[in-house]
Amino acid sequence: MIAGGPGAGKTTLLAELHKLGYSTAPEVARQIIQAQVKSGGDALPWADKEAYIRLMLQRSIESYLEHATLPGPIFFDRGILDTLCYARLIGLPDASEIEDACRTYRYASQALLAPPWQEIYATDEERKQDFAEAVRTYENIAEVYAEYGYETVILPKTDPAARAEFVLQTINHAGRNL
């Protein structure tokens, strides 16, 4: 699992890992936003946030199930726990379904967190949060992953190739300690 706030280099890192031959699962939130904008839908973080969260949970579970049977390591660009983070950020009154999913669908015990990185942060059509919100998102993500028993490893702020090497060394080390 590669998690973190927006604009911290997660997708770029996953592209690098994919280039090296590893399986990756794309971020469902960005796919939802793109599809909703294209279709004129309102299940968006700046419109119907609850509909957006329902889609995030549904698609995150689908992605988990789709990739769960593949061999070797699969690197996810965010996951089910990130849906819970977003629900908490917006103050969703009842997140029990998301919490149940977080307990049911477990990723590897180690979560790789991309910390806020102002030097590379940029907004775009799907990412409208300012950097302060990116920092709050990251802090929330770190809390949720720890709360659900994941060991969190902070990714270094370095170029994509070096970050990918760090990830591969980290998971290889974790595999030796199992």
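Coordinate-derived values only; no laboratory data. Given the structure is predicted, the values throughout are model-derived calculations rather than measurements. Using ideal geometry, Cβ is built from the backbone for each residue, glycine included, and neighbour counts are taken over all protein chains shown.
Tabulated data
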| quantity | calculated |
| --- | --- |
| Total lysine pairs whose alpha carbons fall under 17 Å of each other in the chain (8 or more apart, or interchain) | 5 |
| Proportion of all alpha-carbon pairs of the range 42-178 beyond 20 Å (%) | 52 percent |
| Local net charge near GLU97, Cβ-Cβ under 12 Å (Lys/Arg +1, Asp/Glu -1) | -2 |
| Cut-off 10 Å between beta-carbons: net charge of the residues surrounding LEU155, Lys and Arg +1, Asp and Glu -1 | +3 |
| For THR152, distant residues with modelled amide H under 5 Å away | ALA111 |
| Extension gain from GLU143 to LEU168, taking 0.36 nm per residue of separation minus the Cα-Cα distance | 6.6 nm |
| Net charge of Cβ neighbours under 14 Å - reference MET1; Lys, Arg +1; Asp, Glu -1 | -1 |
